[in-house]
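Inspection log for the structure reproduced underneath, given as C-alpha coordinates.
The values are calculated or read from the model by the stated rules, or taken from the named source; none is laboratory data. These figures come from a predicted structure and were not determined experimentally. Neighbour counts run over all protein chains shown; Cβ positions are idealised from the backbone, glycine included. Note: accessible area is taken over every heavy atom of the protein model, side chains too, but ligands, DNA and RNA are not part of it. Shrake-Rupley method; radii C 1.70, N 1.55, O 1.52, S 1.80 Å.
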Amino acid sequence: MSKQIQIPDIGSDEVTVTEVMVKVGDTVEVDQSIINVEGDKASMEVPAPVAGVVKEILINVGDKVVTGKLIMKFEV
(Lines give C-alpha, C1' and ligand atoms only; values in the text may rest on other atoms or scores of the structure.)
Protein backbone atom coordinates (compact mmCIF):
# COMPACT_ATOMS: atom_id res chain seq x y z
CA MET A 1 0.00 0.00 0.00
CA SER A 2 1.27 3.46 -0.89
CA LYS A 3 1.28 6.23 1.73
CA GLN A 4 1.74 9.92 0.92
CA ILE A 5 4.00 11.81 3.33
CA GLN A 6 3.28 15.50 3.91
CA ILE A 7 4.96 18.31 5.82
CA PRO A 8 3.47 18.35 9.33
CA ASP A 9 2.45 21.56 11.09
CA ILE A 10 5.84 23.22 11.55
CA GLY A 11 4.65 26.42 13.21
CA SER A 12 5.80 28.60 10.32
CA ASP A 13 4.28 29.77 7.06
CA GLU A 14 7.09 28.59 4.82
CA VAL A 15 10.42 26.84 5.36
CA THR A 16 13.32 25.81 3.14
CA VAL A 17 14.44 22.20 2.68
CA THR A 18 18.12 22.11 3.69
CA GLU A 19 18.70 18.36 3.58
CA VAL A 20 16.98 15.21 2.31
CA MET A 21 18.17 12.42 4.62
CA VAL A 22 16.79 9.43 2.70
CA LYS A 23 16.84 8.21 -0.88
CA VAL A 24 14.52 6.12 -3.01
CA GLY A 25 14.69 2.49 -1.90
CA ASP A 26 15.62 3.26 1.73
CA THR A 27 13.68 1.50 4.47
CA VAL A 28 12.51 4.06 7.03
CA GLU A 29 11.29 3.51 10.60
CA VAL A 30 8.59 5.55 12.38
CA ASP A 31 10.05 8.80 13.77
CA GLN A 32 13.27 8.48 11.72
CA SER A 33 14.33 11.89 10.39
CA ILE A 34 13.64 12.13 6.66
CA ILE A 35 14.32 15.81 5.86
CA ASN A 36 15.74 18.90 7.53
CA VAL A 37 14.04 22.27 7.09
CA GLU A 38 15.00 25.78 8.10
CA GLY A 39 12.77 28.76 8.74
CA ASP A 40 13.23 32.29 10.06
CA LYS A 41 13.54 31.16 13.67
CA ALA A 42 15.06 27.68 13.66
CA SER A 43 15.90 24.54 11.79
CA MET A 44 14.23 21.22 12.48
CA GLU A 45 14.26 17.61 11.37
CA VAL A 46 10.97 16.21 10.07
CA PRO A 47 10.33 12.62 11.22
CA ALA A 48 8.61 9.89 9.24
CA PRO A 49 5.01 9.45 10.43
CA VAL A 50 4.97 5.79 9.28
CA ALA A 51 7.46 3.01 8.55
CA GLY A 52 8.00 1.92 4.97
CA VAL A 53 10.20 1.99 1.88
CA VAL A 54 10.79 5.31 0.10
CA LYS A 55 9.24 5.01 -3.38
CA GLU A 56 9.35 8.63 -4.54
CA ILE A 57 10.84 11.91 -3.31
CA LEU A 58 8.93 14.97 -4.50
CA ILE A 59 11.13 17.75 -3.08
CA ASN A 60 14.72 18.91 -3.48
CA VAL A 61 17.19 20.81 -1.32
CA GLY A 62 16.38 24.51 -1.63
CA ASP A 63 12.65 24.01 -2.18
CA LYS A 64 10.25 26.14 -0.14
CA VAL A 65 7.57 24.05 1.58
CA VAL A 66 4.48 24.71 3.71
CA THR A 67 2.40 22.61 6.08
CA GLY A 68 0.54 19.92 4.14
CA LYS A 69 2.85 19.87 1.10
CA LEU A 70 3.34 16.38 -0.32
CA ILE A 71 7.05 15.52 -0.01
CA MET A 72 7.40 11.74 -0.40
CA LYS A 73 5.60 8.51 -1.14
CA PHE A 74 6.26 5.36 0.91
CA GLU A 75 5.29 1.75 0.31
CA VAL A 76 3.99 0.49 3.66
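Taking a probe of 1.4 Å, how large is the accessible area per residue of the chain, in Å²?
Heavy-atom SASA per residue in the chain reads 59 Å².
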> Residues with amide H under 5 Å of K69's amide H, sequence separation 5 or more or different chain, H placed in the peptide plane at 1.01 Å from N; which?
Replying inline: I7
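Rounded to the nearest 0.05, what FRET efficiency do E14 and K55 have when you use their Cβ-Cβ distance and R0 = 25 Å?
Numbers: r = 26 Å, r/R0 = 1.04.
Efficiency for this residue pair is about 0.45.
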> Taking all protein chains as present, what is the carbon and sulfur share of the accessible area of the chain, in % to the nearest whole number, probe 1.4 Å?
Replying inline: 46 percent
> Would you list D26, D13 from the most to the least accessible area, probe 1.4 Å?
Replying inline: D13, D26
>> Once you order the gyration tensor axes a ≥ b ≥ c over the Cα atoms, which shape class does the chain get: rounded for a/c under 1.5, otherwise prolate or oblate by comparing a/b with b/c?
In response: prolate
> Amide H of Q32: which non-local residues (sequence gap of 5 or more, or other chain) have their own amide H closer than 5 Å, using H built in the peptide plane?
Replying inline: A48
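Per 0.36 nm of contour for each residue apart, how much would the distance between D26 and E38 grow if the chain were fully extended, relative to their Cα-Cα spacing?
2.0 nm
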> Summing +1 for each Lys or Arg and -1 for each Asp or Glu, what net charge is found among the other residues whose Cβ lies under 15 Å from the Cβ of I5?
Replying inline: -3
> Among the lysines, which fall within straight-line cross-link reach of K73, defined as a Cα-Cα distance under 20 Å, with same-chain neighbours fewer than 8 residues apart omitted?
Replying inline: K3, K23, K55, K64
> Which distance in nm do the two modelled labels at K64 and E45 give, with both placed 7 Å along the Cα-to-Cβ direction?
Replying inline: 2.7 nm
